Structures are given as C-alpha cells and as structure tokens.
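All of the numbers you see were taken from the coordinates with simple rules; none came from a lab. Only a predicted model underlies this, so the values are computations on that prediction, with no experimental measurement involved. Counting neighbours? That spans all protein chains shown, and the Cβs are built from the backbone with ideal geometry, glycine included.
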Amino acid sequence: MNALLPVLVLGCVAAVTIAADNLPDPEPPPVPVAGDGATAPPPAAPMSVVTEPGRSAVPDALAGPAPAESSSPGATFATQLADTLAAIDAGADGAVQVRRLRDLLAASPAIVATVADLARSPARSERCRLRLLQALQLQGDDACQRMLAVLAADPSLRDRALRALGGVPSPSPASLEVLWTFASHDAARAPLSAFARATASLREVDAARHEACCMRLRAELRRATGTAPVCALLRALRVADDRAAADHAVPFVSSPEVAIRAAAASVLATSCEPRHEMVLRDLLAHETDPEVRRLGARALTITANAP
C-alpha cells in the first residue's frame with residue numbers, strides 16, 4: 001500500500017490545479033512584420049545559467065530582470081539565492097537565512113520550482129535542503145504548499161516535506177488531503193504528527209474544518225490495532241488540540257500495554273475535565289508503572305483545580 005502513496009499524493013495535487021489546466025491559452029499579441037513600417041523584434045535571448053564557482057545553477061529567466069549597476073538590491077534573484085545557500089553552508093544563522101529565502105519566494109514566486117529542485121538535489125548539503133523546505137513552509141502560500149506536497153512523494157524527503165507542509169500558517173483543503181493520504185496509509189509518527197499540527201492550526205480560524213479533521217483521527221483510533229498505531233493516534237489527538245481527546249483516551253487507560261496506558265494518560269494530563277476524576281483515581285489505585293502514575297497524578301491535579 002505504501003508504494004501507492006506517491007500516486008495518491010500526486011493525484012491530490014493534480015485535482016487542485018485541474019481547473020487551471022483547462023483554461024484556454026491566451027491569444028498571442030500580433031507581431032509586427034518588417035516592411036510594414038514596423039521593425040521586427042529581435043530574437044529572444046537564450047536562457048543563461050549562473051555558473052560562478054560555489055553557486056547553484058539557477059536560470060536567469062527565473063531571477064527577474066537584471067537590475068542596473070547602481071540599482072538596489074543590486075543583484076539578481078539567482079545571485080541572491082546562490083549567496084544565501086552559500087551562507088547556509090558556511091554555518092550562518094539558520095533562522096535568518098530561512099527568512100531571506102522566504103523573502104525571495106515572496107518577491108519572485110517563479111523561483112518556487114527552482115527552490116524545490118534544489119531541495120531535491122543530493123548535491124546540496126542536508127542543512128541547505130532542510131532550510132529550503134523551511135522557507136517553503138514559512139512562505140506557505142498555495143504554490144509553496146503544492147510544491148511541498150509534490151516533494152513529499154520523494155522518499156528521501158518525505159518526512160521533512162510532510163513536517164513542513166503540516167506547519168504552514170494556513171493549510172489549504174488540498175494540503176490537508178495530502179497529509180491525510182499519508183497519515184491514513186502509514187500510521188508512522190511523522191505523517192500523523194504533520195496532519196495533527198495542521199489540524200491544530202485550524203482550531204481558532206475554522207472550527208468546522210478543525211472538527212472534521214479531529215473526527216477522522218477519532219475514527220482511525222477506533223479502528224486501530226497494535227500498540228504503535230494506537231499510541232501514535234492518541235498523540236495525534238493531543239497535538240491536534242481536540243476538545244474531545246480525553247473522552248476518547250479514557251478506554252485506553254486500562255490497556256494491558258504500558259505504552260498505550262502512558263499515551264492515554266498523557267492525553268488526560270493535558271485535556272481532562274472534572275468528569276474524568278473517578279477514572280483517574282481508579283488508574284492511580286491500580287497502576288504500577290511510575291511514568292503512567294506520574295501522568296495520572298498530573299491529570300488528577302488538573303481536574304481538582306478546574307473551575
């Protein structure tokens with residue numbers, strides 16, 4: 001099933017852009033013909049590539065018009081991009097360089113594809129690849145989200161691309177579908193955590209979508225079997241900031257598996273309510289694992305101090 005993930009993800013991305021693909025091509029402007037009183041335009045200059053030592057090959061066509069010698073900022077987008085990557089490799093402050101990359105993406109959206117190609121490139125350092133993904137996350141517009149979804153289909157980038165997609169400021173419905181495609185086919189921690197983070201970001205801005213995503217996690221938890229999937233889903237409910245997480249964790253505090261009891265107690269320790277007091281007292285009366293007891297005691301303290 002996991003082998004089908006790239007196909008499913010690319011299908012999600014294609015569905016978002018199909019309307020744009022079906023738009024008719026615009027009519028080209030009339031071309032003046034020499035001899036009719038007009039001068040034929042010169043042939044288009046071939047695309048050139050920055051090939052200075054130490055810089056990534058970035059087409060000038062993606063860099064925007066070259067500024068005059070005295071203009072500011074005084075460098076093409078391609079040169080600025082190459083300089084930023086060189087600074088990252090030299091150990092410059094990561095957060096500062098990510099913001100510089102984000103500013104370049106905001107000023108020249110055409111370089112999104114170039115940034116994605118650089119993130120894919122095994123020739124780039126791991127530090128550079130991570131910063132490029134973080135810049136796509138920080139910019140977080142629809143084009144960057146679509147590109148992160150495509151990058152998630154690359155096995156070498158999957159988890160990092162998913163974390164970036166799950167952390168965008170305002171995940172689109174298409175991004176949530178991509179994240180859920182991965183999460184529902186692979187109960188590993190990274191895909192579920194990414195979906196849960198994206199879900200949590202909706203709680204204050206889109207309550208209906210937040211609830212719909214939480215319902216998916218609850219339904220998956222009811223169907224889950226095995227220690228690892230159950231624990232991952234309990235953690236996901238907590239990360240998603242689900243108001244009903246504690247109610248869905250209660251049945252698992254009596255699990256024979258210590259890891260599941262600990263995951264359930266962790267949910268209760270962050271979102272329990274006074275009605276869960278008896279469950280917690282029963283847990284503390286019978287639990288022998290120190291970590292589960294610690295979490296249960298913390299949850300009981302929360303219920304005691306609840307208004």
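A few remarks follow.
- Cα pair count fraction exceeding 17 Å, expressed as % - region 204-307: 48
- Descending principal axes extents, region 180-263, alpha-carbon based, whole Å: 39, 25, 17
- Model label zone, R223; criterion: amide N under 18 Å from point 7 Å along Cα-to-beta-carbon; scope region 247-286: none
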